[in-house]
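**Student:** Handing you a structure now.
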Amino acid sequence: MKTITVSQARLLDKRAREVYGISTLMLMENAGRAVAEEIIKLKKRRIAIFCGKGNNGGDGFVCARHLFAGGIRPDLFLAGRISDVKGEAGLNLDILLRLKHKIFEIDGKNVDLLKEKICRYDLILDAIFGVGLKGGVKGLFGYLIELINSSVAYIVSVDVPSGLDADTGEVSGACIKADRTVTFIAKKRGMIKGKAPGYCGKIIVKDLGF
């Protein structure tokens with residue numbers, strides 16, 4: 001079974017940029033589109049997308065746009081503030097804002113309001129943390145993850161379930177318990193170790209165009 005480490009995944013991203021001229025923005029576009037295609041196959045209509053501030057969240061923003069273009073209007077939640085999202089993720093968030101897509105910013109003051117909202121969805125996309133996460137997830141993010149896990153919705157994770165160490169497969173703190181994980185290029189090494197398969201659910205491997 002072919003797996004790669006987080007370092008190898010980063011080297012492949014670097015090779016895509018420096019050797020093939022495939023920008024990070026294009027990789028993000030390909031990743032988000034691939035996730036949207038998988039979600040459409042599941043035939044769910046009441047969808048919530050939870051994004052973080054980094055590139056994993058950027059994949060979620062791209063996914064939201066493609067769902068939106070396909071006639072599905074997901075609710076989009078950002079774990080942080082819009083002004084904190086930078087780089088390629090920020091560019092994709094800006095596109096959604098220009099399309100007049102409402103973004104719900106989650107903070108410590110309003111996170112409890114999600115208890116009422118989360119029961120409305122039949123699919124939740126987890127795009128909070130990616131493969132770069134090290135250390136346990138606690139505090140606001142931990143509470144948010146536990147809230148998502150408590151829902152009856154079908155849960156899809158982008159690249160790796162938020163809270164899972166993609167190298168070791170360890171969970172320290174909260175971790176998304178996904179029904180399906182859409183990962184890229186190859187499975188990450190930690191996804192097949194220990195209890196990790198129980199958090200990843202069905203793993204779908206998608207290419208990124210190279």
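The values are calculated or read from the model by the stated rules, or taken from the named source; none is laboratory data. As the structure is a prediction and not an experimental result, all values here were calculated from the model. Backbone-built Cβ (ideal geometry, glycine too); neighbour counts: all protein chains shown.
**Student:** For the subset of the stretch 1-32 comprising residues that are among the hydroxyl-bearing types (Ser, Thr, Tyr) and part of a helix (DSSP H, G or I), which member is nearest to the chain's Cα centre (by Cα)?
**Tutor:** THR24
**Student:** Being in a loop (DSSP other than H, G, I, E, B) and not hydrophobic (A, V, I, L, M, F, W, C) is the filter; apply it to the stretch 121-148 and report the residue that is surrounded by the fewest Cβ atoms within 10 Å (Cβ to Cβ).
**Tutor:** GLY135
**Student:** Something else about it: Got a sec? Which strands (runs of 3 or more DSSP E) wholly within the stretch 149-210 have at least 3 residues that are hydrophobic (A, V, I, L, M, F, W, C)?
**Tutor:** Output list reads 154-158, 202-206.
**Student:** State which residue is modelled with the highest pLDDT when the search covers only the stretch 127-144 and only residues that are of a type in the set (A, V, I, L, M) and over 25 Å from SER7 (Cβ atoms).
**Tutor:** Here the answer is LEU144.
**Student:** Among the residues of the stretch 188-210, count how many are over 22 Å from SER172 (Cα atoms) and either exposed (fewer than 14 other Cβ atoms within 10 Å of the Cβ) or of a type outside the set (Gly, Ala, Ser) (or both).
**Tutor:** Result for the stretch 188-210: 6.
**Student:** Any residue in the stretch 47-60 that's touching a residue at least 40 places away in the same chain (Cβ under 8 Å): show its pairings with residues that are among the hydroxyl-bearing types (Ser, Thr, Tyr) at Cβ separation under 8 Å, as long as the two are six or more apart or on different chains.
**Tutor:** Cβ pairs passing all conditions: ILE47/TYR121; ALA48/TYR121; GLY52/SER162; ASN55/THR24; ASN56/SER162.
**Student:** Give the residues of the stretch 154-201 that are polar (S, T, N, Q) and within 13 Å of the chain's Cα centre (by Cα), sorted by residue number.
**Tutor:** Within the stretch 154-201, SER157, SER162, THR181, THR183 meet the criteria.
**Student:** Which pairs turn up if I take residues in the stretch 17-46 that are closer than 18 Å to GLY71 by Cα and look for partners that are part of a helix (DSSP H, G or I) and of a type in the set (Asp, Glu) with beta carbon separation below 8 Å, at least 6 apart in sequence or on another chain?
**Tutor:** Partner pairs satisfying both residue conditions: GLY32/ASP59; VAL35/ASP59.
**Student:** Oh, and also: Being touching a residue at least 12 places away in the same chain (Cβ under 8 Å), within 21 Å of ILE40 (Cβ to Cβ), among the hydrophobic types (A, V, I, L, M, F, W, C) and surrounded by fewer than 18 Cβ atoms within 10 Å (Cβ to Cβ), is that true of even one residue in the stretch 98-120?
**Tutor:** Yes, the stretch 98-120 contains a residue that is touching a residue at least 12 places away in the same chain (Cβ under 8 Å), within 21 Å of ILE40 (Cβ to Cβ), among the hydrophobic types (A, V, I, L, M, F, W, C) and surrounded by fewer than 18 Cβ atoms within 10 Å (Cβ to Cβ).
**Student:** Further, regarding this structure: For the stretch 49-82, enumerate the residues that are small (Gly, Ala, Ser) and closer than 18 Å to LEU140 by Cα.
**Tutor:** Scanning the stretch 49-82 gives GLY52, GLY54, GLY57, ALA79, GLY80.
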